[in-house]
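Contents: one structure, followed by commentary.
Any read-out appearing in this document is the output of simple, stated calculations on the displayed coordinates, not a laboratory observation. Just so we're clear, the structure is a prediction, and the values are computed from it rather than from any experiment. Backbone-built Cβ (ideal geometry, glycine too); neighbour counts: all protein chains shown.
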Amino acid sequence: MFTGIIETTGKIQKIKPSFAPSGGATAGKNKKVYFIIEVKNFLKDIKTGASISCDGVCLTVVKKTKDSFTVELMPETLRLTKFADARAGDLINLEKSLKIGERLDGHFVMGHVDGVGVVKKVIKEGEYTDLIINVPKKIIKYLAYKGSASINGVSLTIAGNGKDWLKVCLITHTLEITNLSVLKAGDKVNIEVDMIARYLESLAVVTR
């Protein structure tokens, strides 16, 4: 479990095996893929088998060095996340798993992506940036004005929403420490809805 408070960004150093001539992760759809992610000053207390949120996806460390770690992505992970289009050189938001007793500054993030959104518009307002993101219709019902959502693993407040879109506002710190600062129209993002909304729907169905 995570909080959506990103600690740093890493960079995909290598994707292997590389099934496609383009070097992406989409070919060999029925085979697993490994990402080697390079990151400085982050892995000192990480052991093999630990969970790390990578752009909002809970992934297990299968190998590590001083400045890099390897994670394994199953076909289902590639199918459900933006990682199907990953390329070497991509920036990845990173967060270690939550420790009991620490402050919960964001919201509960499971690392289970609910859908892939597409950036519709990037609006820069001085030092701040607003993102308008098209959202799959199957999850729009879980998104409420002033509620929470995880975008590429970042805990954000929903500043507006419609029948197929949501709006989030990014402060300077978020832009400095996450990969949301490099997003442009057409880019894909991983979206996880607030787990409370999912449980409320499940409870409502049971009690009908």
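Rounded to whole Å and ordered largest first, report the semi-axes of the equivalent ellipsoid of segment 8-96 derived from its Cα gyration tensor (root of 5λ). Mind showing how you got there, number by number?
Numbers: eigenvalues 87, 33, 26 Å².
They are 21, 13, 11 Å, listed from largest to smallest.
Would you mind checking Lys40/Lys82; Lys96/Lys137; Lys63/Lys124; Lys64/Lys188; Lys14/Lys47; Lys99/Lys137 for any pair whose Cα atoms are more than 32 angstrom apart?
Lys63/Lys124; Lys99/Lys137
To test your reading of the geometry: what angle, between 0 and 90 degrees and rounded to tens, separates the Cα axis of helix 195-207 from the longest principal axis of the chain?
The answer is roughly 60 degrees.
Among Gly153, Gly115, Gly49, which one shows the highest mean-square fluctuation when the chain is modelled as a Gaussian network with alpha-carbon springs under 10 Å?
The residue that fluctuates most here is Gly49.
Can you tell me the FRET efficiency between Lys47 and Lys138 if r is taken as the Cβ-Cβ distance and R0 is 30 Å, rounded to the nearest 0.05?
Working from the Cβ atoms, E equals 0.25.
Need the C-alpha centroid separation for segment 166-207 versus segment 48-72, integer Å.
22 Å
Using only the alpha carbons of the chain, what is the convex hull's orientation-averaged projected area in square nanometres?
For the Cα atoms of the chain, the hull's average projected area reads 12.7 nm².
Mind checking the dipole of the chain: about its Cα centre, +1 per Lys or Arg Cβ, -1 per Asp or Glu Cβ, Debye to the nearest 20?
The dipole of the chain has a size of about 620 debye.
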